[in-house]
Structures are given as C-alpha cells and as structure tokens.
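K.L.:
Right, I'll just put the structure down here and ask away after.
The values are calculated or read from the model by the stated rules, or taken from the named source; none is laboratory data. Remember, it's a predicted structure, so these values are computed and weren't measured experimentally. Positions of Cβ are generated from backbone atoms using ideal geometry, with glycine treated the same way; all protein chains shown enter the neighbour counts. Each accessible area value is taken on the protein alone, full model and side chains, heavy atoms only, with ligands, DNA and RNA left out. Shrake-Rupley method; radii C 1.70, N 1.55, O 1.52, S 1.80 Å.
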Amino acid sequence: EMAALRGHVGWPADHLAAAPLAEVAERVAAMHDGVGLAPRWAAFESVRARVAGGLAAELLEPALRGEVAFEELAPAFRRAFLQRWLGDVVREREPLRAFHTLTHEERVAEFRRLDARVLEENRARLVRDVRDRVQERLRGEEAAEGLPFLRRQLTLQRGLSPLRTTLQRSYATIRAIKPVFMMSPLTVAQLLDGRTGAFDLVVFDEASQLPAEDAVGAIGRGRQLVVVGDPKQLPPTNFFSVMSGTVAAPTDEDGVPLFEDSESILEEFMGSGSPRTRLRWHYRSAHESLINFSNVSFYDAELYTFPGVETGGHGAGLSFEHVADGVYEGKGLNPVEARRVADAVVRHAKTRPGLSLGVGTFNLRQQLAIQDELEARRRADPSLEPFFSREGAEPFFVKNLENIQGDERDVVFLSVTYARDAAGVLRYNFGPLNGENGWRRLNVLTTRARRAMRVFSSMRGDEINPTQAASQGPRLLREFLLYAEYGRLDGGAAPTGAGEGSPFEREVQEELAARGVSLDPQVGVAGYRIDFGVRDDELSGRYVCGIECDGVAYHASETARDRDRLRQQVLERRGWTIHRLWSTDWFKDREGQVARLLELIEQSRREAREAAAREQPGEPEEETVRPVEAPAAPDADASAGEPEPGEETAVPAAAQARPYTFAPAGAVHPGDFGAAPASEVGRAVAEVVAVEAPLHLADLAARVVARWGSERVGPRMMQRVREVAEALAQRGRIVLRGEFVHAAGAGEAPVRSRAGTKIPAERIAPEEYRAAVLAVLRTGDGLDRKTLTASVRRLFGFGRTGATLEAAIGSAIDALLAEETLGEGSTGIRVRE
C-alpha cells in the first residue's frame, strides 16, 4: 500500500509517513477522481494503530510480514493471550512456579516410605499394647483364679481335660492371653458358655455360606457385629450333609444329587437395614479377562480392577479349548474331556511346576473321573509326585462347584463336562446350574484363578439356546463360553479402553507417537485404567511400561494413600513399571519432559528385554488356546500357545504373498519440510503411493518426510501430508478411504508379507485382508474360522495372532460372508461358486 501511494502521490517516504491521513486520502482521491486506495489505507491504518496499542501488539509484525495467515489471526491471538495469561498465573503462585518433576517425585517417594513406616509402627505399637494389657488382665481377680488350672494343663503330657472344661474353668485367663478367638459357629456353641462375658466384636467371614440359625449363638456373644460376604456367591447348601450320608437328597434324571440351598446370615443381615458397603477393589486376578465376565454379569461392572502388564500370550488370562471329540455320557460324566484335562495337568506339572494349579468341575462325577485319570498317570510316571505333594502352601486340587468357594490358584483348569450326547443331542440338564442359585455357583467357579484359566468344553457357547433354559444358569453359561472363546459379552465385544482421553493426554500421545513410540491409550477394562501402555516390537505379549498423567482420574482420588501408594503398589505387583507425567512441568518445559519420558521408556525397554532374555527358552506353551484380550489394542503379533491342530500346514501352497516393497528414498530435499512447496510434497506422495499402495497415512507420512531428512513425523508434518493427500484425492490422482491411501484405478489389493517390515496389523488396509482371505480359500478347501485366521496370519508373515490382527481378519471374513462371497457350512468356510 505504501509503495502504491508513493507512486501515485509522488511524495517522499518521510513526507508520506508524516502527513495526516485525511490529507493523504484527499490527495489520492483527487488524483483518482474519488476512487482509489485512500479509503482502504485510512481504514487499514486506523485498525493497525488500534492493534499496536492493544493486547495483540506482538502479533502485528508477524501478521504484516505474512508469517501468520489471515484466517489464523483470531486463533493465534487467542493462543497468545491464553499463553500469556497462564504464564502470569504460574509466576504469581509459588506452588506452581516452584514445581519440579524430580522434586515432586522425591516427595511422593518419601510419602510412600513414611506411610508404610507408619503402618509398621502402628502394628508394633498394637503388639506392645496387647502385651501390656495381657499382664494387666492376668493380675485381675477372675483371671488369677483360672491361672493355676491352666498352668497345670500346660504341663501335662496326657490326661488333659476336655477343651470345653478348660475353657469353662480358665475362660478369663485364656481371654486375657488370647483376646482374639478364631472359631466356627459350631465350635462357639460347643465350647463357649453363653453365660460368660461377651466379646467386643464378632466378625463373620464368608457369611454367604453361613445359615442364619448357625450364626445366632455367636451373635449373642458379642456387642458389635460385622458380616463380611458376597451375596453373589454360593449360598448355604446341604452338600456336606448329603456327601456324609446324614441327609438323603433327591437326584435329577442323570442320578446327580440335587443339593438344597438355604438363606444365609448375610442375606438376613442385608435385609435388616443395617449400614453396609461394597468392597470394590479386586486384587486376585492379575489379568482382567479373569474377572471381567463376573464383573459385568453379576456386579454391575462396579468392581475396581487393575490391568495386567500382559497383552496376551504366556498363558495369561482366560482361554478356551474346544474338545471336539468330547461326548456327554450322562450322569455328569464326559470321559474324553476328563482325559484331556488330565493330560493338560500333567503337561503343566512338567513345564510350569512353579505355578500353583487347581481343577474345577461342574459336578462330583466329573471331579472323580479327572482324579481317576490323574491317578493312573501318577502311577505310570512317579516323577510327577513332587507336584502333587500336599506339603506346599497351595497344593494341587480337583474340586467341583459345590466346594470350591474360598480356594484360589495361579492357574485353574475348568471342565465344563456338559455337551451333546452320542446321538448329537444337547440335553439342557446342566446339573446344579439349572437350580435357582445356579448363577451363583457359576460366579464362584469362574473366579478362582489369579493368572490364567483354561476352559475345556466339548460344546461351544452358541450351541446353547437360551430360550430353552428354565433358569439363569444355562444362559449365563452360554455367555461365559462365548466370552472365553471370542471375548464377547451380551452379543458384543468385551469392553476395552475408556475412549478418548483429556486434551493433555492427547497432546502427550501426539508428541510420543511422532517420535516413534507405540502407545495404547486407556489400558484396562473397568475401574482403573492406565493412561498409556508402551509397546515394543521385540516384546510381544506384554507392555514395556505404563505412562500416567495427573489428569481427572488422579485428582479424583480421595486420599494421597490411594493416589500415590496403594494403586502404584498394586500395579507394580502386576508387573508394571509406571512413569508419571506432571501437567505443570509439561506446560513449562514440554521438550524437556518429552526427552525425559523417552529416556525412561528406553530404560524400561532395556530392562524388559533383559528380563525376557533371562526367561527359560523354549518353554512349551499351552496348546489350542486362544486368550481373551482385556486391554485395548494389544501388540499386533501377540498370541498365546502352540499352533492349532493342522496349523502347521495351514497356509495352502497355492496361497503366496509377495514381499513388501518400500518406495525408493530418493534424493534428500534441501530446506525444511514445513516450508516445502505443496507441488514437491504432492510429487513425493504420488511416488510413494505408486509403489506401496494401499498403505496407511502414517506410513505415507514417514516415507514422505524422510525425503526432507526428517526421521520422525511430528503432528504438523502429519497434518501437512494429510492435506496434500486430500488435495490429490480431490483431483483423482489417488484414493483416500479412511486412514488408508490407494492408487487411482487400482484393482484388487495385492497380498504382501509384512515379515521384517515392523508394519503392525492395524496399518494393513481392509482390502488387503479381504484379498488374503480369498487367496487362502481359493484353493478349494473349506477351513474353520480358527484355521483360516491362522492361515491369513501366516500369509502376512506374522508369527503370532494378537487381538488386533485377529479382529482385522475376522472383520474381513464377516464382510465376505455378509455379501455372500463366502459361505459357511459343516465343512468350514468356502468361496461360493
């Protein structure tokens, strides 16, 4: 504008700059007959002067030089204003200004040490106080009277008085020495005189199994009462009375006893209107798939569970093994399944003896059948005896659903037993599950494992028709089997992550992803979720570490003990290494915090790899097992177990994948990628697409920015590549479908092996999965879904089948079935004629 005015008016620059705007406008208007640049210049100069004297003054020069586009002026001003305001807020507040990550984490660590020390000292003080109180009480008149008799009993080797007599004559003395009694309600009635002094507190544990009439005597001997139990678990039954022959029980059509349930003291207590609370933190299951079914089906998804470090494999979590040749012979017996379970127990004893093991069955007859099979194997192989010794802290057991409550083991094998009979008919006689409280028994039986549960079943869940079931038990059994096999609840997928995180978390994810860190956001299925799980290509099946931000979940904790010690302690016991990121330092020094996180992640990666290298090589995995993946987006090549039967030759010889070809790098362009002309970026995009299509936008961006010498793709680089790709797509030079880029006019997608490329399963286009499924099936052989999935996986060059890869292949199969390109029958899935 200045140059134009100078040319039109003919004034020197200094005169023009000093002249009043009205004079300039009048002169220019006269020269142009009232039409020209003067009104525009006057308006511009007026606005410029206002801006120069206001809050947006620092943006004026960059805007006049064209460094900030006109359409970006408003958001740029807003950002600059908020940045300035936030800086002032931090400087004015000492806690924020003085905050430093290392200092704060030292304080957190000190708090943990002191908190644990306080608990230890409280225990020591309690012991000291109790000892002092013992001496004080023993000097009391009543306790002193009973002390001689008690001393006499302690010196005798034989001829001891009955315990009831000892308690009657020296009750006050014994109470003074041992103020806490642990007794069953029956023992209380037999040994304690109701006329003697009451206890301060009576606590019932496992109260769901205690009949109310048995509890009355103990309640009457106390001043306060606490009842602990789970109304969703097994109620009191006459199981032991029936087994001992004391009570005769009716039988079902298979001759299996039908045990009678009764009301518990827990239910009576809950109906009394007394105050109660639910203990929501779940500690037992190291893998969330072990508790997720019960949490959703019985506890309204209110249990607070903690994710495990495993994403799959290594025998972790819930898995399903179909016993295809199993037949239910009636009367609670499936001998084929019993033999399969016994074989698995022997294999576990030989390969994983360090993990405790238990076997659960749905009825007594199958329990005895498995025990008989194991007895024969132990006689044939005496080397197994150390594993079956009863001397250990958690010895091996085989129990049925009536007496397994209260037991837990590292690994549990579950024998479902029920299936179709020899005639192929499924009778809906599921024993105790058909009863009114069958669902409670199922809840108990399916929640006994800490690390892993293998479900052996001769039928699949979808073979049970819930409309033919007379109670909840069979319907829930159907849902449990479907969940164990497919990870599906209520006809849909099991819940995984918590969705999109906060803006702070999204910024962290963008910064780390731009630097090549593989992240899974919101790891977990219920209650507590870790903000990010860090994956590593060389460590399939587990997370390297976790990253937590001090976001809403952190600040929602009611106490510092919950927030900074207990949750951290539980996660560390699950195998997690947790790194925290603090928003205050992120705002003050983002680059420094990113560098710190990268260093911590690399350190965790080294430690995890060293730990993996120290593990015993070649340990046999469980066979024919597909684990349920609880955490969201596990590693693409994670799997569990040896190949399925027939999987060694799963990929037909005619189905071949060609090697993946990367686009040539080309010459490195000078200058910064952000300043590169759009035409050059578009040319690079087109060259990469011509060689590698279809490919993911992230891979496209990596190839393109590498031509400008950049090894990492930042958010702005990614956005630039996306915009250029969208422009090329509008001109018809390429095709964009979601996050994948295709060559214009391309036919069926090629099937290419990803072996050695480090391209994860989620970056393979759906069209290529579809082509791979068809390539495997075009040999003419029908394949079941599991074998077909394994064949496609091997065709792509993946060594293991993780949840991401399995879901992608499954989606391709389902789409082809829906459009009737494929058909599924008794001989498997085939290409339709």
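K.L.:
Please turn the phi angles of the range 697-705 into ³J(HN,Hα) values with the Karplus equation 6.51 cos²θ - 1.76 cosθ + 1.60 (θ = phi - 60°), one per residue in order, whole Hz, x for glycine and proline.
P.N.:
Couplings: 4, 5, 5, 4, 4, 4, 5, 6, 5 Hz.
K.L.:
At q = 0.13, 0.16, 0.21 Å⁻¹, what is the base-10 log of I(q)/I(0) for the range 652-715 according to the Debye formula with one equal point scatterer per Cα and no solvent? Please give it to two decimals.
P.N.:
For the range 652-715 at q = 0.13, 0.16, 0.21 Å⁻¹, log10 I(q)/I(0) is -0.39, -0.54, -0.84.
K.L.:
Which residues' amide hydrogens lie under 5 Å from the amide hydrogen of Gly222, considering only partners 5 or more residues apart or on another chain, with H built in the peptide plane?
P.N.:
Distant-sequence amide H within range of Gly222: Phe199.
K.L.:
To the nearest 0.05, what FRET efficiency results for Leu368 and Leu225 with a Förster distance of 30 Å applied to their C-beta separation?
P.N.:
Values: r = 40 Å, r/R0 = 1.33.
Computed FRET efficiency for Leu368 and Leu225 comes out at 0.15.
K.L.:
Which FRET efficiency value, to the nearest 0.05, is calculated for Arg733 and Glu72 with the Förster distance at 25 angstrom and r the Cβ-Cβ distance?
P.N.:
Working: r = 28 Å, r/R0 = 1.10.
My answer for the efficiency is 0.35.
K.L.:
OK, next. With a cut-off of 11 Å, note down the residues of the range 72-103 whose backbone N falls inside the zone around a label point 7 Å from the Cα of Arg506 toward its beta carbon.
P.N.:
none
K.L.:
Using a Cα-Cα cut-off of under 14 Å, which aspartates and glutamates could be cross-linked to Lys758, ignoring same-chain neighbours fewer than 8 residues away?
P.N.:
Of all the aspartates and glutamates, those that pass the test against Lys758 - Cα under 14 Å, at least 8 places apart if same chain - are Asp536, Asp537, Glu538, Asp635, Asp637, Asp699.
K.L.:
From the backbone phi of the range 81-96, what are the Karplus-calculated ³J(HN,Hα) couplings (6.51 cos²θ - 1.76 cosθ + 1.60, θ = phi - 60°) in whole Hz, Gly and Pro given as x?
P.N.:
Once rounded to whole Hz, the list reads 5, 5, 4, 5, 5, 5, x, 5, 4, 5, 5, 7, 10, 4, x, 7.
K.L.:
Same structure again: Can you give the FRET efficiency for Ala744 and His669, using 1/(1 + (r/R0)^6), R0 = 25 Å, r = Cβ-Cβ distance, to the nearest 0.05?
P.N.:
On the way: r = 24 Å, r/R0 = 0.98.
Once the sixth-power term is evaluated, E becomes 0.55.
K.L.:
Here is a further query. Distance in nm between label sites at Leu598 and Arg107, each 7 Å beyond Cα in the beta-carbon direction?
P.N.:
2.9 nm
K.L.:
Tabulate in residue order the Karplus-calculated ³J(HN,Hα) for the range 364-380, using 6.51 cos²θ - 1.76 cosθ + 1.60 with θ = phi - 60°, rounded to whole Hz; enter x for Gly and Pro.
P.N.:
Taking θ as phi minus 60°, the curve returns 5, 4, 5, 4, 5, 5, 5, 4, 5, 4, 5, 4, 5, 6, 5, 5, 6 Hz for the range 364-380.
K.L.:
For Gly738, what is the net charge nearby, where nearby means another residue's Cβ is under 15 Å from its Cβ and Lys, Arg count +1, Asp, Glu -1?
P.N.:
Working: positive: Arg722, Arg737, Arg763, Arg770; negative: Asp699, Glu726, Glu739, Glu762, Glu767, Glu768.
Taking every Cβ under 15 Å from that of Gly738, the sum is -2.
K.L.:
Which of Ile764, Ala775, Pro750 sits farthest toward the positive end of the charge dipole of the range 733-793, with +1 on the Cβ of Lys and Arg and -1 on the Cβ of Asp and Glu?
P.N.:
Ile764
K.L.:
Under 5 Å between amide H atoms, partner at least 5 residues away or on a different chain: which partners does Leu210 have, H built in plane at 1.01 Å?
P.N.:
Under 5 Å from the amide H of Leu210: Ile265, Leu266.
K.L.:
Thr187 to Arg712: extension gain in nm, 0.36 nm per residue of separation minus the Cα-Cα distance?
P.N.:
Numbers: separation 525, 0.36 × 525 = 189.00 nm, distance 7.13 nm.
Difference between extended and current length: 181.9 nm.
K.L.:
Tally Lys and Arg at +1 and Asp and Glu at -1 over the other residues with C-beta under 12 Å from the C-beta of Val323: what net charge comes out? Can you show the working numbers first?
P.N.:
Working: positive: Arg339, Arg340, Arg420, Arg454, Arg460; negative: Glu321, Asp325, Glu337, Asp343.
With Lys, Arg at +1 and Asp, Glu at -1, the net is +1.
K.L.:
OK, next. Quick check: at a probe of 1.4 Å, how many percent of the accessible area of the range 271-416 sits on carbon and sulfur atoms?
P.N.:
Carbon and sulfur: 48 percent of the exposed surface of the range 271-416.
K.L.:
On average, how much accessible surface per residue is there in the range 709-833, in Å², for a 1.4 Å probe, leaving out ligands, DNA and RNA?
P.N.:
On the way: 6190 Å² over 125 residues.
Per residue, the range 709-833 has an accessible area of 50 Å².
K.L.:
Let me ask something else about it. Of all accessible surface on the range 61-199 at a 1.4 Å probe, what whole percent is carbon and sulfur? Numbers along the way, then the final one.
P.N.:
Working: 5890 of 10820 Å².
Exposed carbon and sulfur together represent 54 percent of the surface.
K.L.:
Also: By how many nm would the segment from Val47 to Glu206 lengthen if fully extended, with 0.36 nm per residue of separation less the alpha-carbon distance? Walk me through the numbers on the way to the answer.
P.N.:
Working: separation 159, 0.36 × 159 = 57.24 nm, distance 7.80 nm.
Length gained between Val47 and Glu206: 49.4 nm.
K.L.:
Counting only residues 5 or more places away or on other chains, whose amide H sits under 5 Å from the amide H of Tyr528 once H atoms are built in the peptide plane?
P.N.:
Thr305
K.L.:
A follow-up question, please. Tell me, in nm to one decimal, what length is gained between Arg377 and Ala393 on full extension, where the rule is 0.36 nm per residue of separation less the Cα-Cα distance? Mind dumping the intermediate values first?
P.N.:
On the way: separation 16, 0.36 × 16 = 5.76 nm, distance 2.33 nm.
Here the answer is 3.4 nm.
K.L.:
Considering only protein heavy atoms and a probe of 1.4 Å, how much of the accessible area of the range 715-827 is carbon and sulfur, as a whole percent? It would help to have the intermediate numbers written out before the result.
P.N.:
Numbers: 2460 of 5250 Å².
Result for the range 715-827: 47 percent of the exposed heavy-atom area is carbon or sulfur.
K.L.:
Sticking with the crude label model, points 7 Å out along Cα→Cβ, report the distance from Ala690 to Gln157 in nm, one decimal please.
P.N.:
Distance between the two pseudo-spin positions: 10.2 nm.
K.L.:
Please work out whether the range 375-516 counts as rounded, prolate or oblate from its C-alpha gyration tensor, where a ≥ b ≥ c are the square roots of the eigenvalues and a/c under 1.5 means rounded, while otherwise a/b larger than b/c means prolate and anything else oblate?
P.N.:
Details: a/c = 2.34, a/b = 1.31, b/c = 1.79.
Since a/c reaches 1.5 but b/c is at least a/b, the shape of the range 375-516 is classed as oblate.
K.L.:
First obtain the Kirkwood hydrodynamic radius of the range 416-488 from its Cα pairs, then insert it into the Stokes-Einstein equation at 37 °C and 0.692 mPa s, and state the resulting D in µm² per second as a whole number.
P.N.:
Working: Rh = 12.7 Å.
Using the Kirkwood radius from Cα pairs, D works out to 258 µm²/s.
K.L.:
Let me ask another. What distance in nm separates the simple spin-label points at Glu463 and Leu86, each placed 7 Å from Cα in the Cβ direction?
P.N.:
Placing both labels 7 Å beyond Cα along the Cβ direction yields 5.9 nm.
K.L.:
Tell me, what is the per residue accessible area of the range 326-468 in Å², probe radius 1.4 Å? Spell out each step's value before the answer.
P.N.:
Numbers: 5290 Å² over 143 residues.
Normalised by residue count, the accessible surface of the range 326-468 is 37 Å².
K.L.:
If we count every other residue with Cβ under 14 angstrom of Val127's Cβ, Lys/Arg +1 and Asp/Glu -1, where does the sum land? Can you show the working numbers first?
P.N.:
Values: positive: Arg123, Arg125, Arg128, Arg131, Arg133, Lys178; negative: Glu120, Glu121, Asp129, Asp132.
Once positives and negatives cancel, what remains is +2.
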